[in-house]
Each structure stands twice: as C-alpha cells, then as structure tokens.
Amino acid sequence: MKKITLLLLLVLTQIVFAQTKLTENQKLAATCKVWGYLKYYHPQVASGKTDWDNQLFDVLPKVEKANTKDEFSLVLENWINSLGEVKAIAAITVPKDVEYFDKNFDLSWLNNDKLFATTLSKKLKFIEDNRFQGEQHYVGFDSRDNSFVKNTNFDKLDYSDRNSRILALFTYWNVIEYFFPYKYRMDQKWDKTLEEMLPVFIEAKNDDAFYTAFQKLTVKLNDSHAVFHKYSTGNANFLPFNCKIIDEKMVVTEITADELAKADDIKVGDVITKFNDKTIKDFVAENRNLINGSNEAAYLSNLMKFGVYGYSDNVKLDFLKDGKTITKTINWYDYNNAHKNEFKKGIQKEKFKMLENNIGYVDMGALKINDVPEMIEKLKSAKAIVFDIRNYPNGTYIDIANFLNSKERNFIMFTRPDSLYPGKFIWHGPRPCGSENKNNYKGKVVVLVNEESVSHSEETAMCFQAADNCTIIGSQTAGADGNVSNFEAIKAVFTRFSGIGVYYPDGRETQRIGIVPDIEVKPTILGIQQGKDEVLDRALQFIESGKETKLKTTLNIKNETFLK
C-alpha cells in the first residue's frame, strides 16, 4: 500500500511540474511584453538612463534557465529591482479636454497568473500607476503630425546572432503594440502574431531568412502603408510594362518602355495567364504572406508593384491571344530602362482641361498648389468637374475645398498616440475644410477613386465628400489613411506603418475599408483592350443623366473582416 501511495505521489508531482513548466515560446513572448512595457513605462528606462538593448541581452540567458512560473517571475522581479526605485507619485488625472480612444489599449496581461507570480503582477501594476511622465527617450513625435519616430540604431548588430534577431522582433513588436493606431483592425491578434513569429525569427539564421521573417511580420499589420524594403546588394529587374489583376489574370495596362515592349510584341490589353509556369491564382495565393495590403484591392495592386520583379535575366509568361496560349520568355530590365517612358523629357501630364459638353477634368496627381487658381478660373463655369484621384495628390485639397463649399464643414478626425500613457490614443479634431463662400461652385462634383487612391488621396476624397454636391465613383481605395511613421533602425531594412488614426467626424472608419464609392465601377479586360477608361466613362454618364440621386452600390469585398 505504501508503495502504491508513493507511486501516486510521484505521478502527481510530475503532473504538477509538467503543468507549471514554461515553454521557451511562452517565456520569450512574456519577456517581450515586459521588456517593451518597461521601455515606455518605467521612469529609469523611459528616460534613457539605461542601455535597454543591452539589458535584454543580459536577461535572456537567465530567462532561458528559468523553468517554472516562480523561477521566471523571480528573474523578471530581480531585473526590475535592479533598475532602481519607482517612486509613488500623485494620481495621474486625465485633462478635461482629453478624450481617449481605447480600442488598442490592453494591459490585462500584467495579471496573467499562468506566467507571472502575484508579486510580479503587483510590481508591474505599480509601475503603470506611477509611470514615466516626462519626455520619452525611445519615442519621438514629429512636430507636424505626432507620428512615431524610432531613434535607436541597430546598424552594428549581427543578425546571424540569435539574440540580435530576438531584439529586432521585440523592438518592432512593441512599437506596433503601443504606437500603431489600427492594431485592433488586424486580422489576427498581435499577441498571437508574436507567438507565431518568435520561432521564425529564431530559426532565421542568415540575412535572407531574417529579412523574409521581417517581411512576413510587417504584412501581419494588414496596413497598405506598412511597406517593407530590403536594401539589397543586388539590383532587381523589371518588366517594361505595368499590369493589373482582373478575373485571376494579369492584364497589361500600361507600356513603360515603348521599344522594349515592342521588341517582345507586348501591347496594352494583353492577357497573361501564367507567371513562371504558375497560374495567376497560384501566384496571388503564394505571395499573401509577403506583400502588404489593407484589403484585397490594395494587396493585388501592391503585388503588381512589389511582386513582379526578379534577379534573373528573364521571366516566362503565358499569354492568351485569340483563344490560344502563347508562351514567351521576356527579358527583365533595370528600373531606368524598364521605365524609359517616365524619363522622357518634354512629356507632361495635362493638369486640367475642359471635356466635351462643358465638363471639367482635373488630374489631381499632376495638379500643384500654384496651379489651383488657374484651374478654378478655367473650370468655374463648367456644369460639372471631375476630380481624378486615382493617383497621389499634391496637397491641393484645402484650396479646392474653399472653391467647392458654400460654408465650412468638418470632414475628418484623428487619433494620435499619447506618449504619457503608451498604448492609449487621443482624439483630435474634427478638422474642417471649406469656408463661407456664396460664390462657391454650384455644378456637380465627381471624384474618381480606385486601389491607387491611398493615404493623402483618401483624405482628399473625404474632404471633397463634404462639398455641396459630390459623388464618388470608382472602386475600393487602399484603406490606409493618415500620416506614416517610418522605422529605419534595423540594418538594411526600411519599413513604415500608418502613424495616426483617421475617421469621419461621426466616427466611421476608413482603415481597411477605404473610401466607399457611391457608384462602383471596375475596369474590365475588354474595356482595357478597347482603350476605354470605364470609370471616367461612367462618371460622364452620371453627369449627363441629370439624376441627382446617387446610385448607392455595395462593395464586393470578399473578406468580411474588413467591415467588422
């Protein structure tokens, strides 16, 4: 009987031990959170009185040796104690004029009893209540837009070293955790992304693997602004034409080097069905974790910008012509040669013009601020003006809004990070556009948008929507409004993300959704082959129809989470 009892005790002991033993991933994920939290909250750390990167290198071996919750908590408690005393301060009150946006804020993990001892949780909570209230050492805010600026330099780190890769991941993860305004809009919880990416970064033992891991990490933001660039030692090569994906096919939409495209008999409207023996459907699927995009339209657009290049001499493409498949081996070219049309001297886009039937047209990507008075003078008598924002405008919307509006109207609100309470965002605005103007433009205002309309383009569209008689025509925009925050600290990597939140005055979101058109129109393969601008054609049809009622349509968005 005694032997049986002893055996049962041993079994129970092993079960309890197994339940309390922490995995490497659990310990590293929790360490990441504590390290970032202390970086922005602890007075001795946030003020820059310690080398916080080296502190991580010092604590990681101790974390590795800890097995149980109590051992792990003791390592972190001793670490916090070594930083110096956190003095109790008067209760921090929120100013009356401050309204918080809290959808991103969550410090509930401080009380995770599966990872932290009660004494550690209390110590972390005390730091929150008595957090640093000065100018942050590790966070800077641009004086113009309050966007995040990272000031640590990692250029000397060796990313063949495991701990250096962990530092890179920890740094970026915490930047997003506390300063990305749309964390709550991600498809996947940011905590889960940390758990998934830790093994990927640990196993990324060479530069290429490390950069690929980082690329996959930034894509998880679901943010069209979150571009990732690797400063490669080799030069990428490009095709002498641009494409758009329609109906799971690549369609040539623009020739960027006439002679090179002519040599391969490539014309606008040509349909590509395979890219290096892969169907376009497969090509789209295999790049989803490498190319960013707030929504499907933005992803497909970015895939054609950042996914269609190579380091070899040529690429194999299958074309569909007259019902037959023709396979061609097309040469890649360096950027300057592949985009010769853009560098031809003397060729300038027409900034604005009068179309038939007394309809004005403005290319917002070409129009400059000093062109606005002349544009207004020439188009003020038009019965309608089409503002084409399927491009990136040049800061002209305020002056144009004064012309379009009969009075001042609010059109936008922002959320900006609070440096005194990292993770929280503060509402700013609303911001108005337009002014009291009895002589404002009285005709129809039509705005053209598509997936190329991103950031300032979307803000411009929001401003024009406030006009007296505006209709948005086109397709889903890129869904990434707001000024960007650059993150250039890590060697050979440039990345950025949306730094401030953007909303309509009534709180409606634009991130991932974009500017919803009143009339949805998408280009077709046939239309491109016939040389038509089907979006502009639909706008002209709307203007001539004489109907004042907007033809509301529903965006065809495959991923329902964009609207949640």
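Any residue at all in segment 397-409 that's free of Cβ contacts under 8 Å to residues at least 12 places away in the same chain and either assigned by TED's automatic domain parsing to the domain that holds I515 or not hydroxyl-bearing (S, T, Y) (or both)? No - not one qualifying residue is present in segment 397-409. Annotation for segment 66-78: at least one member residue is in a helix (DSSP H, G or I), among the small types (G, A, S), in the same structural domain as K122 (by TED's automatic domain parsing) and farther than 22 Å from P422 by Cα.
Of the residues P432, P422, only one is assigned to a strand (DSSP E or B) and surrounded by 15 or more Cβ atoms within 10 Å (Cβ to Cβ); which?
Checking each option against the conditions leaves just P432.
Read through the list (1) more than 25 Å from T396 (Cβ to Cβ); (2) under 29 Å from the mean Cα position of the chain (by Cα); (3) loosely packed, with under 13 Cβ neighbours inside 10 Å, then give the number of the only condition that K321 fails. K321 satisfies all of (1) more than 25 Å from T396 (Cβ to Cβ); (2) under 29 Å from the mean Cα position of the chain (by Cα); (3) loosely packed, with under 13 Cβ neighbours inside 10 Å except (2). Tell me yes or no: at least one residue of segment 158-175 is in the same structural domain as K87 (by TED's automatic domain parsing), within 28 Å of the chain's Cα centre (by Cα), modelled with pLDDT under 85 and under 24 Å from N483 (Cα atoms). The answer is no, given that none of the residues of segment 158-175 is in the same structural domain as K87 (by TED's automatic domain parsing), within 28 Å of the chain's Cα centre (by Cα), modelled with pLDDT under 85 and under 24 Å from N483 (Cα atoms). The condition of being closer than 14 Å to V362 by Cβ, part of a loop (DSSP other than H, G, I, E, B) and of a type in the set (G, A, S) holds for A467. One residue stands out among those in segment 280-318 that are free of Cβ contacts under 8 Å to residues at least 40 places away in the same chain and surrounded by 19 or more Cβ atoms within 10 Å (Cβ to Cβ): the one that is nearest to F494 (Cα to Cα), which is Y299. Of all the listed residues (I359, I291, I376, I326), the sole one being among the hydrophobic types (A, V, I, L, M, F, W, C) and touching an Asp or Glu at 6+ places or on another chain (Cβ under 8 Å) is I326.
The numbered conditions (1) polar (S, T, N, Q); (2) modelled with pLDDT under 95; (3) within 21 Å of the chain's Cα centre (by Cα) are all true for S475 except (2).
Condition first: more than 18 Å from T510 (Cα to Cα) and assigned to a loop (DSSP other than H, G, I, E, B). Can you find one or more residues in segment 442-461 that meet it? Looking through segment 442-461, at least one residue is more than 18 Å from T510 (Cα to Cα) and assigned to a loop (DSSP other than H, G, I, E, B).
Screening the candidates K378, K383, K407, K368 for the property of being touching a helix residue (DSSP H, G or I) at 6+ places or on another chain (Cβ under 6 Å) and surrounded by fewer than 15 Cβ atoms within 10 Å (Cβ to Cβ) yields one hit, K383.
For (1) in a loop (DSSP other than H, G, I, E, B); (2) basic (K, R), each residue gets a yes or a no:
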{"position": "A261", "(1), (2)": "no, no"}
{"position": "K267", "(1), (2)": "yes, yes"}
{"position": "I272", "(1), (2)": "no, no"}
{"position": "L303", "(1), (2)": "no, no"}
{"position": "S312", "(1), (2)": "yes, no"}
{"position": "V315", "(1), (2)": "no, no"}
{"position": "I326", "(1), (2)": "no, no"}
{"position": "M354", "(1), (2)": "no, no"}
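For segment 78-102, filtering for residues that are within 18 Å of F414 (Cα to Cα) and in contact (Cβ under 8 Å) with a residue 12 or more places away in the chain leaves 5. Here N151 clears all of (1) under 30 Å from the mean Cα position of the chain (by Cα); (2) modelled with pLDDT of 95 or more; (3) surrounded by fewer than 17 Cβ atoms within 10 Å (Cβ to Cβ) except the condition numbered (2). Summed over segment 478-518, residues that are among the hydrophobic types (A, V, I, L, M, F, W, C), at pLDDT 95 or above, in a loop (DSSP other than H, G, I, E, B) and in contact with a helix residue (DSSP H, G or I) (Cβ under 8 Å, 6 or more places away or on another chain) total 4. The condition (being modelled with pLDDT of 95 or more, surrounded by fewer than 14 Cβ atoms within 10 Å (Cβ to Cβ), among the basic types (K, R) and not in a loop (DSSP other than H, G, I, E, B)) is satisfied by just one residue among K125, K33: K125.
The values are calculated or read from the model by the stated rules, or taken from the named source; none is laboratory data. Every value quoted in this text rests on a predicted model; they were computed, and no experiment measured them. Every residue, glycine among them, receives a Cβ derived from its backbone with ideal geometry; neighbour counts consider all protein chains shown.
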